[in-house]
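The values are calculated or read from the model by the stated rules, or taken from the named source; none is laboratory data. Bear in mind that the values here come from a model prediction, so they are computed numbers and not experimental data. Don't worry about glycine lacking a Cβ; one is built from the backbone with ideal geometry, like all the others, and counts go over all protein chains shown. Areas reflect the complete protein model, heavy atoms only, side chains present, ligands, DNA and RNA absent. Shrake-Rupley method; radii C 1.70, N 1.55, O 1.52, S 1.80 Å.
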Amino acid sequence: METGEERIEEVAEGWLSLDDALEMVLLFDEKGNIVYANSAAKKKLEYGEELCGIHISEIFPNSFHAIENGFQTEYEFGEKRQELMAYRRNRTCFCAEVKILKRQKSKKMYVCMANDTSKRDFLEKEIANVERKAEQAQKVKSEFVANITHELRTPVNGILGNTKELLELEKEEKKLKILRLIERGCKDMNGIINNILDFSKLEAGKFTLEPQKFHFRNMMDYVKANHIHKITEKGLEFFMTISPEIPEYLIGDELRIVQILNNLLSNAYKFTAVGKIAVEVVKTAQVNNRMELFFLVTDSGIGIDKADQDKLFKSFSQVDASISRKYGGTGLGLNICKQLVELMGGSISVDSAKDKGSVFSFSIWIELPEEEMSEASANVDYHMALGQRMSLHQNGNEAEARNYGTAENLEEIKNKMSKFILSVEMENWEKAEMFADVIKQLTAEAPKEIKNVVLKLKMAVQKEDYNKVQTAFEALQALL
Ligand code: ADP
């Protein structure tokens, strides 16, 4: 017959690997005497080998009481962990999360597993403390930024007002020149103050959009008027294309759309010395009374290295110090654009290469006023139908769109291919599929090998397989 000691040995052997465990493990018998303790238990409870032999009530005196030949407890044995005070040898104590299981074979035995939670509780409290302090600091910072920007704006506007008055009174060209410089400085400063204010509001989650009905083309004219002077002053060409599919009136936060476009256009001419700047807007989707618009701002400027592109949309980020020295700026503009675009349910991205110009594109979702709903088709309007209509509108007529091989057709395909790959890069697969449809349509009369590649392209998009898209795209580029 198995002796008690042998049984304990066996049980302990089975648990030997527990000696390495971080959790405390104790085995005690029905009398309450501890018969096995792993290293973690000895260490935490500050005992040596003598831990084996002492009564469980020494360790958990609030929950286990020694009685003759046993113990009394209200502890509920089982899988559920309970919080008990565990006492060390020197009678100091700590809070432990304890699970005690009752086991019975030849002899009744209890397996106790315990974790010291005092450190965890302490850490949790510390984390909560740090979080609270960080929140407070963020609040103080936001309030400070809001106050300081407000305080700055008042004197700047004062200087601006006075300068404007002086500009009207002054006749001497030399002084007028200085006054214009002051005026420009004030306007720039106001721009920076507004950016900081927007940024702090967006960061604090206190920014709300203010959608209103507005005239889309008037808004685009206003954007153009804001910049055309500076663009032509630099000797750059300017193009603006608006898809005729976009209704006259829309409901959205016009001011913020203008802000995004202003920012992208200011950057475009800031970083472009020769060539052109173009703005294009197309309707890319419609779901009931909501419409997705896709904006592209293209420039032929200094471009941005691929490696630097992902930091562009982070706050205070400029490509490098030499750029900020040469061109100025706070590095907040694109981050604000990104946050605004995301508030409007869209996304923003850049396609650029050093010295090859840049294409900044963004999408937003916007509402249609009721009167425009009858004009624009309701329900889901994606993919083929939209693709067909888009290419028709942009090409003027269907025959021209299908007339494969003409210069216009080739240019149109290339244009759609660049939008297509941009959509893939943005992981906007629905939009990519739509552009793939347009390319398919534009190549409907192309040689078979081109049509096959286009088909592969479309299938790869449907599978959302980036690598296959890339291969088909390169193959198509090579064939064209
Ligand atoms: P900033 O106010 O400094 O212009 P932005 O966030 O608008 O801040 O732009 C951040 C940086 O991105 C710029 O400093 C520049 O390095 C780069 N950048 C933005 N737009 C362009 C562009 N069209 N061409 C080249 N670089 C650009």
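Annotation for the stretch 27-78 versus the stretch 210-239: alpha-carbon center distance of 81 Å. Multiplying the residue separation of ASP465 and ALA66 by 0.36 nm and subtracting their alpha-carbon distance yields 136.8 nm. With Cα atoms defining each centre, the stretch 441-459 and the stretch 174-195 are spaced 55 Å apart in the structure.
Between TYR222 and ARG153, the modelled labels are 1.7 nm apart [label points 7 Å from Cα along Cα→Cβ]. With Rh defined as the Kirkwood radius, the inverse of the mean 1/r over Cα pairs, the Rg/Rh of the chain is 1.23. Computed over protein heavy atoms with a 1.4 Å probe, the carbon and sulfur contribution to the accessible area of the chain reaches 52%.
Could I get the Rg over Rh figure for the stretch 136-277? Both from C-alpha atoms, Rh via Kirkwood, rounded to two places.
Numbers: Rg = 18.5 Å, Rh = 18.0 Å.
Radius of gyration relative to Kirkwood radius: 1.03.
LYS125: which lysines have alpha carbons under 19 Å from its alpha carbon, excluding same-chain residues fewer than 8 sequence positions away? Partners found: LYS133. Within the shell of other residues whose beta carbon sits under 12 angstrom from the beta carbon of ALA86, the net charge comes to -1, with Lys and Arg scored +1 and Asp and Glu -1.
According to the square roots a ≥ b ≥ c of the eigenvalues of the Cα gyration tensor, what is the shape class of the stretch 124-204, taking rounded for a/c under 1.5, prolate for a/b larger than b/c otherwise, and oblate for the remainder? It is prolate, given that a/c is not under 1.5 and a/b is the larger ratio.
As a calculated quantity, the FRET efficiency between CYS93 and ASP20 at R0 = 35 Å, using C-beta atoms, amounts to about 0.85. Three principal axis extents describe the C-alpha atoms of the stretch 403-479; from largest down they are 31, 20, 18 Å. Could you please report the charge total around THR163, scoring K, R as +1 and D, E as -1 over all other residues with beta-carbon less than 14 angstrom from its beta-carbon? Summing Lys/Arg as +1 and Asp/Glu as -1 gives +1.
What's the whole-number percent of alpha carbon pairs in the stretch 4-116 lying beyond 18 angstrom?
Considering the stretch 4-116, 44 percent of its Cα-Cα pairs are separated by more than 18 Å.
Packing here is the average count of other Cβ atoms within 10 Å per residue, and on that basis the peptides 161-169, 423-431, highest first, run 423-431, 161-169.
Would you mind calculating the gained length between LYS102 and SER266 on full extension (0.36 nm times residue separation, minus the Cα-Cα distance), in nm to one decimal?
Contour length minus Cα-Cα distance gives 51.6 nm.
A protection proxy built from the mean count of other Cβ atoms within 10 Å ranks the segments 108-120, 257-269, most packed first, as 257-269, 108-120.
So, by mean Cβ neighbours within 10 angstrom, what's the order for 230-236, 170-176 with the highest one leading?
230-236, 170-176
For ILE277, the residues 5 or more places off, or on other chains, whose built amide H falls under 5 Å of its own are GLU237, PHE238, PHE239. Along the positive direction of the dipole of the chain (beta-carbon charges: Lys, Arg +1; Asp, Glu -1; about the Cα centre), which of ASN428, GLN136, ASN226 reaches farthest? Most positive-ward Cα: ASN226.
The Cβ shell under 14 Å around ASP221 holds other residues with a net charge of 0, Lys and Arg each +1, Asp and Glu each -1.
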